[in-house]
Amino acid sequence: MAEIVLDKVSKQYPDGAVAVRDVDIQIADGEFIILVGPSGCGKSTTLNMIAGLEDITSGELRIGGERVNERAPKDRDIAMVFQSYALYPHMTVKENMAFPLRLAKVDNATVEKKVKEAAEILDLTQHLDRKPSNLSGGQRQRVAMGRAIVRNPKAFLMDEPLSNLDAKLRVQMRTSVSRLQKQLGTTTVYVTHDQTEAMTLGDRVVVMRGGAVQQIGAPQYLYDHPANLFVAGFIGSPAMNFVPAGLENGTLRSPLGDIPLTARVRSMLEAADAPREVIVGLRPEHFEDARLVDEAVRDSGVTFTSQVDVLESMGSDKFAYFTLSGEQATSEELAELAADAGSADVPGSGVALVTRLSAASSATQGEQAEIWFDADKVQLFDPATGRNLTYAGE
Amino acid sequence: MAGIGGAETTGRKVRWSLLNAVVVVYALFPVLWIVSLSFKSKATLADGNFIPREWTLENYRAIFSTTEFVRALVNSIGIALIATAVAVVFGTMAAYAIARLDFPGKRVLVGVSLLIAMFPQISLVSPLFEIERSLGLFDTWPGLILPYITFALPLAIYTLSAFFREIPWELEKAAKMDGATPGQAFRRVIAPLAAPGVFTTAILVFIFCWNDFLFAISLTSTEASRTVPVALSFFTGSSQFEDPTGSVAAAAVVITIPIILFVLFFQRRIVAGLTSGAVKG
């Protein structure tokens, strides 16, 4: 167990392409940290550099206080779980799990004991003599975990370990990974492109884009206080709504109507030297059916009326989708997020809006609905730089 | 599949079986004829009967009583086994490098080895003869083993690199993370998985060496290194009027046996789909 420090770590390929740029991350001993981002953001490269499978072009990597840039993977004492599991097909489950111990020349009795312990933790005891080809996806995944935990490494590295499982099993394995990590207390770096995994698993989340770190923080903090448009759009499902707006005399003119600036927002905008054109970000849960909002509270927000395109009732809530007239918010970050989600090609004119209403809402598909939102919850972004103008962070 | 399509499937099955039977008979008939000849006595040798009227082991007894044939058999087995072993070991290493690494000159290396495989062997016989004579390799085991390796290596490299490419690279990364040195990763993870490929290659190379006639007749002159195919061509009867057909047939049958054994022995290890289950699958 050890802390892992990435100090201005960069990776440049011989052809000049920069995969990772000046990444600074300090991972505390026993911490569960998630690297998340769309494909090609450099998260896997970063993980491979920690593992030693890829060379570090510049910067320093320290594990337990020692510089390990030049050390071979085997001398770093860290274990890795691969997306494909990478089990040795010619070995039984037992041999697979014993392999790292055999290489370390551990005596037979200890190997037996450790494999048995790991198998018990992972519920693999009855499968020990089977070959990987006879196991289900979930079992293979557990064997891969077992191979990592048998030798009590300083850290675990996991490269999208759950992405090959079907949806139900993935949720189940997610909780067991989390429980296992807490139980063992081993420093863990986990790579995923799934923001749900990032939100639910990690102590802290590192959001990456184009080889650079966008923001590091606890999942809830990233959700509530995204540093920029990219983090705001990436974290959260359904994603945050983005609406273009113009700042005029202390009011935001937007397709949602005129939004008055609260004192908190106003002071932040002044401090941030905001441009006249901004992007308004609003989480779906900050909307509510206007009829269910107390008169007293109602005045602190904005109400608008629009036709419900689609209404999805989840039982506990209702998701209402609207299309407002006006231009869509445009920025480099939003285009990249749309491309990653595969929705870049979906045609649509006007501003798409997702709202999460209480189950008690009487909104009906195809009918007009009156929707209210809290004006103090708005986040404002600079369309040119993507910076969150209302960011109160460090 | 059974039961689907009923009559049509049966018809197809019959047609295919018939076609298969024709091909098998066409291929095996000469072999069976040689076997038949080898069991015939001198008197009935040319009677044209497929099944010998008089069975005899005389021909076999005759060839094994001469040192000429026994010695040639030892030469053949020794030379083919050594050449196969060397070609497979070097071929494995070269193929691994070609499949896994990006090194300068890789394309040239692959191209040159392909060129060697395509080179007409006959055009090399005279130079090789001169070179081996001046180096003292003429009519020795190494004198045959070396050219065999030269021509078997491209074959080995080609077959093996195809097998190595099939092995997921992540297995090697996993082995490294598990604490293996590159050597250990190769020996304990990659090599066992490439085993079917190695055995296939071994069979192909062995057959190539075993069957060679051209180099064997050009680069040998005595029993010291003469292999069976060559020895066969030197067979004569006990007098110049005697027909050696019976002995030749018997020897031909004998030299087929090691090939059959070799293939049967290694075939069991060529288990397809050995790598299934390594990655998600």
Restricting attention to the stretch B:167-182, report how many residues are more than 7 Å from every other protein chain (Cβ to nearest Cβ) and either charged (D, E, K, R) or part of a helix (DSSP H, G or I) (or both). 4
Contact list, first residue from the stretch A:149-168 and in contact (Cβ under 8 Å) with a residue 40 or more places away in the chain, second anywhere and among the small types (Gly, Ala, Ser) and in a loop (DSSP other than H, G, I, E, B), beta-carbon distance below 8 Å, six or more apart or interchain, is A:151/A:104; A:151/B:179; A:154/A:2; A:154/A:64; A:155/A:2; A:164/A:84
Restricting attention to the stretch B:33-45, which residues are surrounded by fewer than 15 Cβ atoms within 10 Å (Cβ to Cβ) and free of Cβ contacts under 8 Å to residues at least 12 places away in the same chain? B:43
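Kindly indicate which of A:362, A:306, A:313, A:300 is assigned by TED's automatic domain parsing to the domain that holds residue A:265, of a type outside the set (Lys, Arg), surrounded by 13 or more Cβ atoms within 10 Å (Cβ to Cβ) and touching a helix residue (DSSP H, G or I) at 6+ places or on another chain (Cβ under 8 Å).
A:300
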When the residues of the stretch A:35-54 are filtered to those that are in a helix (DSSP H, G or I) and within 14 Å of chain B (Cβ to nearest Cβ), which remaining residue is farthest from residue A:156 (Cα to Cα)? A:45
Starting from the stretch B:205-216, take each residue that is touching a residue at least 40 places away in the same chain (Cβ under 8 Å) and list its partners that are part of a loop (DSSP other than H, G, I, E, B) and surrounded by fewer than 18 Cβ atoms within 10 Å (Cβ to Cβ), counting only C-beta distances under 8 angstrom and pairs at least six apart or across chains. B:214/B:121; B:215/B:121
Somewhere in the stretch B:195-207, is a residue within 14 Å of the chain's Cα centre (by Cα) and of a type in the set (Phe, Trp, Tyr)? yes
For residue A:205, which of the numbered conditions (1) in contact with a Lys or Arg (Cβ under 6 Å, 6 or more places away or on another chain); (2) part of a strand (DSSP E or B) fails to hold? (1)
Which ones in the stretch A:142-185 are of a type in the set (Lys, Arg), within 13 Å of chain B (Cβ to nearest Cβ) and within 23 Å of residue A:129 (Cα to Cα)? A:147, A:151
Assess whether residue A:202 counts as being surrounded by 15 or more Cβ atoms within 10 Å (Cβ to Cβ) and either touching a helix residue (DSSP H, G or I) at 6+ places or on another chain (Cβ under 7 Å) or at pLDDT 95 or above (or both). yes
So residue B:154 ticks every box in (1) surrounded by fewer than 18 Cβ atoms within 10 Å (Cβ to Cβ); (2) away from chain A (no Cβ under 14 Å); (3) touching a helix residue (DSSP H, G or I) at 6+ places or on another chain (Cβ under 9 Å) but one. Which box is left unticked? (1)
Of all residues in the stretch A:173-192, which are crowded, with 19+ Cβ neighbours inside 10 Å and touching a residue at least 60 places away in the same chain (Cβ under 8 Å)? A:181, A:186, A:187, A:188, A:189, A:190, A:191, A:192
Looking only at the stretch A:117-141, count how many residues are surrounded by 16 or more Cβ atoms within 10 Å (Cβ to Cβ) and more than 14 Å from every other protein chain (Cβ to nearest Cβ). 5
Residue under question is residue A:84, and the condition is that it be within 11 Å of chain B (Cβ to nearest Cβ), closer than 29 Å to residue A:193 by Cβ and free of Cβ contacts under 8 Å to residues at least 24 places away in the same chain; does it hold? no
Can you spot a residue in the stretch A:365-386 that is modelled with pLDDT under 85 and in contact with a helix residue (DSSP H, G or I) (Cβ under 8 Å, 6 or more places away or on another chain)? no
Out of A:283, A:264, A:253, which single residue is touching a Gly at 6+ places or on another chain (Cβ under 6 Å), among the basic types (Lys, Arg) and either at pLDDT 85 or above or not assigned by TED's automatic domain parsing to the domain that holds residue A:197 (or both)? A:253
Check residue B:177 against each of (1) at pLDDT 90 or above; (2) over 30 Å from residue A:104 (Cα atoms) and name the one condition it does not meet. (2)
Single unsatisfied condition, residue A:107 versus (1) under 32 Å from the mean Cα position of the chain (by Cα); (2) away from every other protein chain (no Cβ under 11 Å); (3) within 23 Å of residue B:181 (Cβ to Cβ): (1)
Tally time: how many residues in the stretch B:183-202 are within 7 Å of chain A (Cβ to nearest Cβ) and farther than 14 Å from residue A:103 by Cβ? 2
Give all pairs with beta carbons closer than 7 Å in which a residue from the stretch A:200-223 that is closer than 15 Å to residue A:39 by Cβ meets a residue that is among the aromatic types (Phe, Trp, Tyr); count only pairs at least 6 apart in sequence or on separate chains. A:207/A:234; A:209/A:230
Assess whether residue A:10 counts as being small (Gly, Ala, Ser) and assigned to a loop (DSSP other than H, G, I, E, B). no
Identity of the residue in the stretch A:87-104, more than 7 Å from chain B (Cβ to nearest Cβ) and aliphatic (A, V, I, L, M), that ends up surrounded by the fewest Cβ atoms within 10 Å (Cβ to Cβ): A:91
Restricting to the stretch B:228-262, count the residues that are at pLDDT below 85, more than 23 Å from residue B:46 (Cα to Cα) and surrounded by 14 or more Cβ atoms within 10 Å (Cβ to Cβ). 3
Does the stretch B:85-98 contain any residue that is over 16 Å from residue B:149 (Cβ atoms), without any contact (Cβ under 8 Å) to a residue 12 or more places away in the chain and hydroxyl-bearing (Ser, Thr, Tyr)? no
Taking the stretch A:55-72, which residues are touching a residue at least 40 places away in the same chain (Cβ under 8 Å) and either more than 14 Å from chain B (Cβ to nearest Cβ) or closer than 20 Å to residue B:184 by Cβ (or both)? A:56, A:57, A:58, A:59, A:60, A:61, A:62, A:64, A:65
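The values are calculated or read from the model by the stated rules, or taken from the named source; none is laboratory data. Everything numeric in this text was worked out from a predicted model, so none of it was measured. Every residue, glycine as well, gets a Cβ built from its backbone with ideal geometry; the counts of neighbours run over all protein chains shown.
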